[in-house]
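Report on one structure; see the data block that follows.
The values are calculated or read from the model by the stated rules, or taken from the named source; none is laboratory data. This is a predicted model, so every value here is computed, not measured. Please note: Cβ atoms are built from the backbone with ideal geometry, for glycine as well, and neighbour counts cover all protein chains shown. These accessible areas exclude ligands, DNA and RNA; they are computed on the full protein's heavy atoms, side chains included. Shrake-Rupley method; radii C 1.70, N 1.55, O 1.52, S 1.80 Å.
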Amino acid sequence: MQQGTLMRKVKSKSWKKQRYFKLQDDCMTIWYQSKRTGKTESAFSISDVETVREGHQSEVLQSLAEEFPPERCFTIVFYGRRGNLDLIAGSAEEAQCWVQGLRQLIRSFPLTPALVSCTWIRDWFQKADKNKDGRMNFKEVQRLLKMMNVDMNEDHALRLFQAADKSESGTLEGEEFVLFYKALTQREEVLSLFQDFSEDGKKLTLLELVDFLQQEQLEDEGTEELAMELIDKYEPSETVRALHALSADGFLMYLCSPEGSIFNPQHRALWQDMNQPLCHYFISSSHNTYLIEDQIRGHSSIEGYIRALKRGCRCLEVDCWDGPNGEPMVYHGHTFTSKIPFREVVSTLGKYAFKVGHPASAGGAGPQRCEHSKSHAGDGHPEVPTSLSPTLQELKHKILLKGKKIGRLEDTLDGPGDEAPDVSDDDNGAEAEEERRRAKVGGTKPGSTLQKDKESLAQALSDCVIYCKNVSFRGFQEARSHSRPSEISSLSEAKARKLIRDAGNEFVRHNAWQLTRIYPSGMRTDSSNYSPQEMWNVGCQIVALNFQTAGTEMDLCDGLFSQNGRCGYVLKPPFMRDEETLFNPSDLSSREVPGPITLTIQVISGQQLPKVANSKEGAIIDPLVRVEIHGVPADQAHQETKYIENNGFNPRWDETLQFQLHVPELALVRFVVEDYDKTSRNDFVGQFTLAFANIKPGYRHIHLLSKDGTGIPPSSLFVHIRITH
């Protein structure tokens, strides 16, 4: 890895600044500084880096393709919504050195509990060591405690300091600081639990660990094998491991591991039946995927597609419009958003569509062309379908186009017929509403574009639309009589809400055999989102959200689709796949249920919670935990703990919250940590959301996520979960 390499940091075609980049001695941090002033501009950790892309793989670097060869260019991609870092090295050799070096560091940086702890200790030591002498005096330790969200009595802090200062030098260095940190992070609640099951108070024998797993964690199959596995994996002491036992340190490491998480590790992998028809799945779906900002003047970028696909999104939106020299462009029509060439979008989809391995679908609007899609999709001949309703597994590794189509799917199966061209589009009322809004923004005459769109449709493009032909929605009875499983209707959120209110059961039945797409109101120009839960409650499969906007709605989306290998498909419950179902989310009287399930959550403690963004120096949070249930109306609920004053480091709540769930199959559980403020709205600290079906009972850690949905290790909650019928 090069150290102190001079490279160009690029933000636009005209903004290219030279910066020195250097890997620090810890091999975990990279900083860069201005060539002109020598001042350090920024630093980032290897743990923040998701991947490194070689060549012209960003719009900025593509715009400089004639000036700089791809061998000298690369892009550092960060987790979450943090912007990418585009760099141009002085030579191809330098670029390769950085690309390969970064990739090697990323591969060697698995976030095990031990490494998270080690990284955390190192980071805090460096922040608090004000004079950079590699030692820390008591004044620096006091400053460190404030930085770490700890408001500790000075006498107690001094006792911990002196106990760790084995050299009696009045400072802590190296192992002494590690001792201080371990004393600071002593988990009394975990130690007490450990001693409840340990006869000698020093270790859990194999049988004692089996007892704990069966009685508290409710593990019922292969418990002895699991216990041996956990000892081999998490016991740090070779001596204790040889005794087939688990020490207190090993016990804590297990509880902080994926096996000790609230999320059932078996459900992280692909665990559902993938041989059902497409309409039997909830599908992770994005609205105006190309936008990474607002809907009117926002920036269009291929990064929108890359980020959505990496999050498991399977349904993307591509709005194609005529551009210069016959080149189709993608942007939000009749607005002032920026534009990207259609060929770049298709090329990007080709690279990233199947990273998660199941079919992707793309929808479009505007005067689309098909020549470019054909050139990027092979020979341009659409596959001849063999079924009116194929299974998800049969569609694996295929891209489905949602759009207008001449004729019906049966014509493709049986050969061309005499049926008049049917180029109907989305729900007329919803489409007209959207057209009026766009016309108001862009200054065109309402209805003119709609008329122009329907005047012609290229046969080649029509042929590419197989299983997702757009049809207008004219009522459930009309759909039952005249529509096909291979067709799809798009509804605005307002239209969908009205149908839920007026005909909930009919909506569920409709979605048992045909796809429905829901999209945000045209009034959401700020790219805000509606709640997807009410749409999932009636079985709507394609609930399109603005992926660029963080908030509760995207937390629910990420929470639902974080299971099943993050493939972007989640199988609907059996009662939502039955075309004769009696289920209505607003009226549960018709559904035969054995009675509600009781979910009991004891919120025990929190660990190393982050400070609120942009908080004052020295400010310490007053954390509380709110648990929210999102599901059918009868299950919607939330409860919260009291707040703990001035302790974001190791708050203890020991409070029990209880919920009744009538339809647990549709319930999502969201854990939110907030900083209490008596004079204004509480500040967000972290959250974690998962489907009720993925919860593991017992003593569990909840590893919190940021507003962007990225991890914030080692921040977590420790809870005890019980589920009773």
**Prompt:** When you go through (1) in the same structural domain as S192 (by the TED database); (2) crowded, with 16+ Cβ neighbours inside 10 Å one by one for V330, which number turns out not to apply?
**Reply:** (1)
**Request:** Could you list, in sequence order, all residues of the stretch 523-544 that are within 17 Å of L291 (Cβ to Cβ) and open to solvent by 10 Å² or more (accessible area, probe 1.4 Å)?
**Result:** M523, R524, T525, D526, S528, N529
**Prompt:** Take the residues of the stretch 6-15 that are more than 31 Å from the chain's Cα centre (by Cα) and closer than 16 Å to I76 by Cβ: which is most open to solvent (accessible area, probe 1.4 Å)?
**Reply:** R8
**Fill in**
Flagged pairs (Cβ under 6 angstrom, 6 or more apart or on separate chains; first in the stretch 674-690, aliphatic (A, V, I, L, M); second modelled with pLDDT of 95 or more) are V685/V673; V685/E674; V685/D675; L690/F263; L690/G559
**Fill in**
Output for Cβ contacts, cut-off 6 Å, separation at least six or different chains, first residue closer than 12 Å to S486 by Cβ in the stretch 394-411, second modelled with pLDDT under 90 and surrounded by fewer than 16 Cβ atoms within 10 Å (Cβ to Cβ), reads G407/E419; D411/G417
**Test: L499 is modelled with pLDDT of 95 or more, assigned to a helix (DSSP H, G or I), in contact with a strand residue (DSSP E or B) (Cβ under 8 Å, 6 or more places away or on another chain) and open to solvent by 10 Å² or more (accessible area, probe 1.4 Å)** = yes
**Fill in**
For the stretch 148-184 the number of residues that are within 23 Å of S715 (Cα to Cα) and of a type in the set (G, A, S) is 2
**Message:** Restricting to the stretch 692-718, name every residue that is in a strand (DSSP E or B), open to solvent by less than 10 Å² (accessible area, probe 1.4 Å) and within 21 Å of H630 (Cβ to Cβ).
**Reply:** R700, I702, L704, L717
**Prompt:** Looking at the stretch 131-178, which of its residues are surrounded by fewer than 19 Cβ atoms within 10 Å (Cβ to Cβ), within 36 Å of the chain's Cα centre (by Cα) and outside any loop (DSSP other than H, G, I, E, B)?
**Reply:** R143, K146, M147, V150, V178
**Prompt:** Hey, any hits in the stretch 610-617 for a residue that's out of contact with any Pro (no Cβ under 9 Å at 6 or more places or on another chain) and not in a loop (DSSP other than H, G, I, E, B)?
**Reply:** no
**Message:** So S91 passes all but one of these: (1) at pLDDT 90 or above; (2) touching a helix residue (DSSP H, G or I) at 6+ places or on another chain (Cβ under 6 Å). Which condition number does it fail?
**Reply:** (2)
**Message:** Please count how many residues of the stretch 212-243 are surrounded by fewer than 18 Cβ atoms within 10 Å (Cβ to Cβ) and assigned to a loop (DSSP other than H, G, I, E, B).
**Reply:** 8
**Asked** What tally of residues in the stretch 657-673 results from selecting those that are farther than 14 Å from V603 by Cα and open to solvent by 30 Å² or more (accessible area, probe 1.4 Å)?
**Response** 3
**Request:** Can you give me the number of residues within the stretch 634-653 that are part of a loop (DSSP other than H, G, I, E, B), in contact with a strand residue (DSSP E or B) (Cβ under 7 Å, 6 or more places away or on another chain) and open to solvent by 70 Å² or more (accessible area, probe 1.4 Å)?
**Result:** 3
**Message:** For the structure I just gave you, tell me whether F583 is on the phi < 0 side of the Ramachandran plot and surrounded by 20 or more Cβ atoms within 10 Å (Cβ to Cβ).
**Reply:** yes
**Request:** Quick one: count up the residues across the stretch 190-202 that are open to solvent by 20 Å² or more (accessible area, probe 1.4 Å) and either within 34 Å of the chain's Cα centre (by Cα) or over 24 Å from L717 (Cα atoms) (or both).
**Result:** 5
**Prompt:** Taking the condition assigned by the TED database to the domain that holds E487, on the phi > 0 side of the Ramachandran plot and open to solvent by less than 10 Å² (accessible area, probe 1.4 Å), does G565 pass?
**Reply:** no
